[in-house]
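Report on the following structure.
All of the numbers you see were taken from the coordinates with simple rules; none came from a lab. In this text, all values refer to a predicted model and were calculated from it rather than measured experimentally. Please note: Cβ atoms are built from the backbone with ideal geometry, for glycine as well, and neighbour counts cover all protein chains shown.
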Amino acid sequence: MTTFLLRRTAQALFTVWVVATLVFGLLHVAGDPAQILAPPDMNQIQVQELREALGLDEPIWVQYGLFLGNLLQGDLGISYYNGRPALELVLERLPATFELVLSALGIALVAGVPLGILAALSAGSRLDRALRFVSVIGISAPTFWIGIMLILVFSVEWGVLPSSGRGGPVNLVLPAVTLSLFSLAFFLRIVRSSFLEVLNQDFVRTARAKGLPRGVVNVKHALRNALIPFVTIAGLQFGQLLTSSVVTETIFAWPGMNRLVLQAMYRLDYPIILAFAVVVAVTFATINLIVDVIYGFVDPRVRHA
Amino acid sequence: MPDRRPRERRWLRTIPWFSASLLTLLILVALAAPWLTPHDPRQQDLLMSFLPPVWTGAGEVAHPFGTDELGRDVLANILFGLRVSLLVGFGSVAISVLVGTPLGLWAGYRGGRVDTLLMRLVDVQLSLPIILVALGVLAVWGAGLWKVILVIGLVGWAEVARLVRGSVLAERSREYVTAAEALAAGVPRILFRHALPNVLNALLVLVSVMMPRFIILEATLSFLGLGVAIDTPSLGLAVSRGYEYLFSGSWWTSTLPGLALLLLVLAVNLLGDWLRDALDPRAA
């Protein structure tokens with residue numbers, strides 16, 4: 001277990017390094033940040049001063065060395081735009097994004113998994129067909145359009161739910177539902193097909209043949225095995241939602257870190273983009289680690305391998 | 001337990017009719033766009049702005065789906081927007097396949113250090129969130145249709161390479177590859193003539209999953225303002241513009257283009273589902 005954890009941590013650090021280097025490279029292909037940052041009325045001498053103040057006049061290797069050194073100390077630079085430490089700005093927005101993503105994931109799990117089981121148990125029936133069709137629409141509808149449709153109905157037409165901002169639980173409803181719909185439909189499809197696959201396997205047939213009650217076979221033999229790969233899928237989906245919530249945060253003016261980084265991209269505010277990339281890479285690696293550990297618990301074969 | 005497969009399969013056999021004709025219809029409509037509407041999607045007419053669709057009773061027959069804030073025809077925007085979506089779908093998937101397939105074939109056939117290096121790159125690429133990579137590159141590089149297609153296509157190579165490599169690894173120990181080697185066929189020839197055809201089914205299924213994702217990705221990038229240029233008739237861009245006027249009551253400028261996008265992606269997804277069931281040997 002310790003070796004495993006160490007190896008995974010090393011892999012995670014490698015990914016963080018690659019991501020950081022990529023962002024660094026990308027930002028320096030972009031052109032001269034000092035020119036972009038400078039107000040139009042600034043003269044060339046002032047621009048040069050700005051460039052020196054930001055360390056942008058050094059050769060690229062020196063900049064990269066400094067960059068890696070700072071990275072190791074957790075210093076990811078100061079936002080060009082508002083002058084505060086970039087990492088601090090991103091971490092400030094992290095709770096809002098987590099709140100949104102976890103709520104969406106919760107909705108998707110609570111609704112998607114039971115519906116998937118229901119569809120599998122009634123495979124071929126009218127209910128199954130209806131659920132399958134709705135879930136295909138769910139994975140086909142663009143998130144931004146779903147969000148707009150929900151705003152149109154619940155905020156513009158009926159005026160029952162707010163369409164923007166973060167505050168009480170009321171503000172959370174529309175963004176969380178919007179973000180959850182794709183995952184919900186996705187979970188429904190995955191659970192249905194993996195449950196069906198297990199139901200057709202020999203050990204399930206054996207359990208039935210020896211006369212065990214249907215419910216016991218379905219839950220103890222089939223469902224438990226069908227849900228094992230689902231741990232990984234749910235973990236991956238959490239990572240997906242973490243960044244794809246950029247659309248939802250934009251539509252609902254949700255003050256999360258994705259909206260922050262989108263604005264930083266419009267302004268080419270590099271330190272924020274970098275800090276965000278590092279935060280996301282670390283979060284991804286942590287999620288993967290947690291998923292692997294959980295996997296060991298639910299599937300003894302992995303633990304003993 | 002009664003075997004439920006036959007009933008399910010009979011139902012599946014009816015699906016392609018719906019999805020295939022929907023997709024064909026949308027492709028035909030996109031191709032025939034200039035003949036289906038007299039309007040140029042870019043042509044503004046401020047006197048005609050915010051005209052509702054004709055079925056609401058307040059619209060005009062000349063603009064059946066209404067007009068947007070600058071008096072541009074919504075139907076024309078949808079028809080030409082479908083062209084953009086289809087171009088992105090086919091174009092970026094083609095780039096992914098053209099880049100990913102040779103790399104995957106090579107890694108799978110050669111093995112060793114080449115394989116390790118390429119698969120590490122694949123891991124890194126797949127651990128990066130696609131939408132943010134695309135956003136970042138386009139923020140730096142500027143907006144534009146061809147740039148979007150190129151960026152999305154180049155982001156998608158990793159999945160293709162991994163799939164092709166896996167299939168090649170499975171195939172290369174087979175007798176026909178050994179036989180081809182014994183006949184002194186060159187490596188490229190063995191790969192393209194013998195290994196590739198055996199990978200095609202799996203590749204086709206992957207493509208059918210990637211295409212709807214890429215179509216939505218373009219629309220999303222354009223919606224966020226970092227996709228195609230502002231005067232390109234993209235469906236995502238149209239929804240984004242319409243969103244600003246949602247609260248003043250003009251629902252059609254964002255709803256209808258989004259609906260067209262949904263139909264297109266739905267058709268591709270349904271067809272992909274059917275393809276997977278038909279080609280997956282385990283399901284048969």
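Which order do B:GLU69, A:GLU249 fall in if you start with the one that has the fewest other Cβ atoms within 10 Å?
On the way: B:GLU69 16, A:GLU249 24.
Fewest-to-most ranking of B:GLU69, A:GLU249: B:GLU69, A:GLU249.
Could you give the angle, 0 to 90 degrees to the nearest 10, between helix A:270-298's Cα long axis and the longest principal axis of the Cα atoms of chain A?
Between helix and principal axis, roughly 20 degrees.
Pulled fully out, how much extra length does the chain show between A:ASN200 and A:SER122, if you take 0.36 nm times their separation in residues and subtract their Cα-Cα distance? Display every interim value, and only then the final one.
Numbers: separation 78, 0.36 × 78 = 28.08 nm, distance 1.40 nm.
Residue separation times 0.36 nm, minus the Cα-Cα distance, leaves 26.7 nm.
What angle, in degrees between 0 and 90 and rounded to the nearest 10, separates the Cα long axis of helix B:5-31 from the longest principal axis of the Cα atoms of chain B?
The angle comes out at about 60 degrees.
Quick check on the exposure proxy: order B:ILE27, B:ILE216 from fewest to most C-beta atoms within 10 angstrom.
B:ILE27, B:ILE216
Using the charge dipole of the protein assembly as shown (Lys, Arg: +1 at Cβ; Asp, Glu: -1 at Cβ; taken about the Cα centre), state which of B:VAL228, B:LEU154, A:ILE290 has its Cα farthest towards the positive end.
A:ILE290
Place a point 7 Å from Cα of A:LEU72 in the direction of its Cβ. Which residues in region A:261-284 have their backbone N less than 20 Å from it?
Those under the cut-off are A:275, A:278-279, A:282.
Could you give each residue of region B:120-127 its phi-based ³J(HN,Hα) in whole Hz, using Karplus coefficients 6.51, -1.76, 1.60 with θ = phi - 60°, and x for Gly or Pro?
4, 4, 4, 4, 4, 4, 6, 8
Gaussian network model of chain A, Cα springs within a sub-10 Å range: biggest mean-square fluctuation belongs to which of A:ASN288, A:ASN218, A:ASN258?
Result for chain A, Cα springs under 10 Å: A:ASN218 fluctuates most.
For A:VAL282 paired with B:ARG174, estimate the spin-label separation in nm (one decimal), with each label point 7 Å from Cα along the Cα-to-Cβ line.
4.8
So if I place +1 on the C-beta of Lys and Arg and -1 on the C-beta of Asp and Glu, and nothing else carries charge, what would the dipole magnitude of region A:86-304 be about its Cα centre? I want it in debye, nearest 20. Provide the component values of the computation, followed by the final result.
On the way: 17 positive and 11 negative charges, 216 e Å.
With only Lys, Arg, Asp and Glu charged at Cβ, the dipole is about 1040 debye.
Using θ = phi - 60° and the Karplus form 6.51 cos²θ - 1.76 cosθ + 1.60, what ³J(HN,Hα) does each residue of region B:230-245 get, whole Hz, x for Gly and Pro?
These are the phi-based 3J(HN,Hα) values: 5, 9, 7, x, 8, 5, x, 5, 5, 4, 4, 5, x, 4, 5, 10 Hz.
Count charges around B:VAL114 for me, please; just the other residues with Cβ under 13 Å from its Cβ, Lys/Arg as +1, Asp/Glu as -1. Kindly include the intermediate steps, with their values, before the conclusion.
On the way: positive: B:ARG110, B:ARG113, B:ARG120, B:ARG165; negative: B:ASP115.
That sum, taken over residues with Cβ under 13 Å, equals +3.
What FRET efficiency would be calculated for the residue pair B:LEU183, B:ARG113, taking the C-beta separation as r and a Förster radius of 30 Å, to the nearest 0.05?
Values: r = 28 Å, r/R0 = 0.92.
So the FRET efficiency works out to roughly 0.60.
How would A:ILE107, B:ILE215 line up from fewest to most surrounding beta-carbon atoms within 10 angstrom?
Details: A:ILE107 18, B:ILE215 28.
Going from sparsest to densest Cβ surroundings: A:ILE107, B:ILE215.
Show the residues, 5+ positions off or on another chain, whose built amide H is closer than 5 Å to the amide H of A:ILE78.
The list, which skips near neighbours in sequence, is A:ALA86.
What is the spin-label model distance, in nm, from B:GLU69 to B:TRP55 if the labels are put 7 Å beyond Cα along the C-beta direction?
2.6
If amide hydrogens are placed 1.01 Å from N in the peptide plane, which non-local residues have theirs closer than 5 Å to the one on B:THR67?
Answer set, sorted by chain and number: B:PHE50, B:LEU51, B:VAL74.
Convex hull volume of the Cα atoms in region A:114-159, per residue, in Å³?
Considering the Cα atoms of region A:114-159, their hull volume per residue is 87 Å³.
Using the Karplus equation 6.51 cos²θ - 1.76 cosθ + 1.60 (θ = phi - 60°), what ³J(HN,Hα) coupling, rounded to whole Hz, does each residue of region A:134-151 give in order, writing x for Gly and Pro?
Result, ordered by residue: 4, 6, 5, 4, x, 7, 8, 6, x, 4, 5, 6, 4, x, 5, 5, 5, 4 Hz.
Which shape class, rounded, prolate or oblate, goes with the protein assembly as shown when its Cα gyration tensor gives a ≥ b ≥ c as root eigenvalues, a/c under 1.5 marks rounded, and past that a/b bigger than b/c marks prolate? Please list the in-between numbers first.
Numbers: a/c = 1.43, a/b = 1.13, b/c = 1.27.
Verdict is rounded for the protein assembly as shown.
Report the FRET efficiency, 1/(1 + (r/R0)^6), for A:ASN82 and A:VAL153, where r is their Cβ-Cβ distance and R0 is 45 Å, rounded to 0.05. The partial results should precede the final answer.
Details: r = 37 Å, r/R0 = 0.81.
Step by step, r from the Cβ atoms, then E = 0.80.
Rounded, prolate or oblate for chain A? Axes are the square roots of the Cα gyration tensor eigenvalues, ordered a ≥ b ≥ c, and the cut-off for rounded is a/c under 1.5.
Details: a/c = 3.42, a/b = 1.70, b/c = 2.01.
Verdict is oblate for chain A.
Would you mind computing, in nm to one decimal, how far apart the modelled labels at B:ALA278 and B:LEU36 are, each placed 7 Å from Cα along Cα→Cβ?
In this crude label model, B:ALA278 to B:LEU36 measures out at 2.4 nm.
Taking square-rooted eigenvalues a ≥ b ≥ c of the alpha carbon gyration tensor, is chain B rounded, prolate or oblate, where a/c under 1.5 means rounded and, failing that, a/b exceeding b/c means prolate? Could you put the intermediate results ahead of the total?
Details: a/c = 2.82, a/b = 1.80, b/c = 1.57.
It comes out prolate by the Cα gyration axes.
Using Cα atoms only, what is the angle between the long axis of helix A:60-72 and the major principal axis of chain A, expressed in degrees (0 to 90) to the nearest 10?
In chain A, helix A:60-72 runs at an angle near 50 degrees to the longest axis.
Using Cα springs under 10 Å in a Gaussian network model of chain B, which residue among B:ILE131, B:ILE152, B:ILE95 shows the largest mean-square fluctuation?
B:ILE131
Provide the net charge surrounding A:SER79, with neighbours chosen by a C-beta distance below 15 Å and charges set as Lys +1, Arg +1, Asp -1, Glu -1. Intermediate values should be presented prior to the final figure.
Numbers: positive: A:ARG84, A:ARG93, A:ARG259, A:ARG267; negative: A:ASP75, A:GLU88, A:GLU92, A:ASP269.
With Lys, Arg at +1 and Asp, Glu at -1, the net is 0.
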